[in-house]
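Scroll down for the structure; my scribbles are underneath it.
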Amino acid sequence: MDPELNRYILVNEAKGLVPGYPQSMLDILGKCNIAAVHGSAHKHMRGALLALISPTMIKDQLLPKIDDFMRSHLSDWNKKLLTFKRKQKRFVPETSRSIQ
């Protein structure tokens with residue numbers, strides 16, 4: 001990449017160069033997700049999220065849930081021929097539900 005362009009973007013980031021997402025991504029994530037808001041709103045949301053998702057919380061609470069979930073699903077797959085596409089349709093929605 002062009003070093004001058006990179007420098008310009010970094011120096012002028014708060015002066016009108018605001019990163020964004022395509023409309024399809026905003027439709028999925030919502031218009032007020034942490035990646036779509038900027039400035040003080042982003043700072044406030046980031047602080048609130050970091051307070052909830054500390055490394056200790058991830059290690060003690062989230063990772064054991066993910067581990068249990070993965071082990072239960074993978075044990076069903078033992079010594080079976082699988083078509084990943086069929087399993088994926090069921091697996092993705094269950095993953096997001098069980099982590100909550």
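Observations on the structure shown:
- Some residue of the range 58-72 being at pLDDT below 90, of a type in the set (Asp, Glu), part of a helix (DSSP H, G or I) and not assigned by TED's automatic domain parsing to the domain that holds Tyr21: no
- Of the numbered criteria (1) among the basic types (Lys, Arg); (2) assigned to a helix (DSSP H, G or I); (3) modelled with pLDDT of 70 or more, the one Lys31 fails is (2).
- Residue match in the range 16-25 (condition: surrounded by 12 or more Cβ atoms within 10 Å (Cβ to Cβ), modelled with pLDDT of 80 or more and closer than 30 Å to Asn6 by Cβ): yes
- Any hit, the range 2-14, residues being loosely packed, with under 10 Cβ neighbours inside 10 Å, at negative phi, at pLDDT 80 or above and in a loop (DSSP other than H, G, I, E, B): yes
- Of all residue pairs spaced 6 or more apart or on separate chains, none has beta-carbon atoms under 6 Å together with a first member in the range 1-13 that is charged (D, E, K, R) and a second member that is at pLDDT below 85.
The values are calculated or read from the model by the stated rules, or taken from the named source; none is laboratory data. As the structure is a computational prediction, the values presented were derived from the model and not from experiment. Cβ: placed from backbone, ideal geometry, glycine included. Neighbour counts: every protein chain shown.
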